[in-house]
Amino acid sequence: MRYTWRTMKINALTDQVADYLAETKAKRSPATLEQYESVLENVWEPWCAEAGITSSAQITDKQMDAFTDYLKAKRHRGKPLSPFTLRTYIRSVRIFLTWASVPKGRYEAPRKPGKRLRDVLTRAEIQLMEDTATDARDKLIVRTLADTGMRVGELLTLRKDTGLCENAHDRQYWLRVIGKGDRQRDIDVQPALYRRLKDFAAHGSPKDCGLIFCGKRRRNDQLVPLTRSGVDQLIRNLGKTAGISKRAYPHGFRHAYISHMLSKGANLVQLQDQMGHTSLAMISEAYNQMGIKGRYGQLAGLL
């Protein structure tokens, strides 16, 4: 057994975190739960252990200030945490402490950074990333994210037996996935991409995997599932190899898809449904993020 600080220092705090995550599991999306687990178990608990904190009842404004200073000094791949990441970490901890009935006190989290225009990937850059990929699965992951705008979590639920749907008579094709809140939803897909997915499911994906996109490694003769972090690393590496200077990450493909569809004059209500949004807020934000050139081009095309 490999002993870590977690296996050696089980205390009231680690028990509270475990109880909180277990209770939260039914209320949060898998992605949100994964974020909370990562922050609390890999960042918050180790820091508390080093600080000699064994219970959430010990947390005061002074400890939160010290934790914030620790995060500001922390490095990820040689770079400091971004203001957005810093706030995400602290917010995750604050939500846990609220659940544990710890008074907020006078502590104030770092101010939220002002919004900046996103440098969205272009269709040409996405094509370059697909061309850079050397594996059929990886190429198809790039194209599916780019041409459907689906979430990574939805991509990973796409099944061979129930995920590919069609009305051949009317030439309509869609993908059935499990979205946020464990809700099933359908995503429209173009015929060319549908045929690629259907062919890959039949001939490219491992036979003993019920999902279309599976992991490549095996452990004890069992396929290791493809994870969100695995897709994130894949997209990041493809962007780097392709020489793209912009930040390449899976969720960025959703922003790129929305921007592309808006530039083509897409119907907002249909686009909202395609993205699985409960409101037009994110689409409105993407429209504002297009910048004056993109908005002018769209309006000019409608006049």
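Read-outs: derived from the displayed coordinates by stated rules, not from any lab. The shown structure was predicted, so the numbers you read here are calculated from the model rather than taken from an experiment. All Cβ positions, even for glycine, are placed from backbone atoms using ideal geometry, and neighbour counts span all protein chains on display.
For this structure, a couple of remarks:
- P(r), alpha carbons of region 152-247 - 5 Å bins starting at zero, rounded %: 2, 12, 18, 19, 19, 16, 9, 3, 1, 0
- For region 123-178, the set of trypsin sites (Lys or Arg not before Pro) satisfying both a DSSP loop assignment and a count of at most 12 other C-beta atoms within 10 Å is given as Arg171.
- As a proxy for reagent exposure, ranking Val17, Val93 by other Cβ atoms within 10 Å from fewest up yields Val17, Val93.
- Within region 28-138, all pairs of alpha-carbon atoms sorted by distance into 10 Å bins from zero give the percentages 11, 35, 28, 15, 10, 2.
- Residues whose amide H falls under 5 Å from that of Leu164, counting only those 5 or more places apart or on a different chain, are Arg176, with hydrogens built in the peptide plane.
- Shown for region 135-196 is the translational diffusion coefficient from the Stokes-Einstein equation, using the Kirkwood radius over Cα pairs, a temperature of 25 °C and a viscosity of 0.890 mPa s: 205 µm²/s.
- Environment charge of Phe200, counting only residues whose C-beta is closer than 15 Å and scoring Lys/Arg +1, Asp/Glu -1: +4
- Residues with amide H under 5 Å from that of Gln172, placed H, sequence gap 5 or more: Asn167
- Taken over the alpha carbons of the chain as equal point scatterers, the Debye sum produces base-10 log I(q)/I(0) values at 0.07, 0.11, 0.15 Å⁻¹ of -0.35, -0.84, -1.32.
- Using the Cβ-Cβ distance between Asp182 and Asn11 with R0 set to 30 Å, the FRET efficiency works out to roughly 0.35.
- For region 123-302, taking the reciprocal of the average inverse distance between every pair of different Cα atoms yields a Kirkwood hydrodynamic radius of 17.3 Å.
- Each Lys and Arg adds +1 at its Cβ and each Asp and Glu adds -1 at its Cβ; summed about the Cα centre, region 5-99 shows a dipole of about 460 debye.
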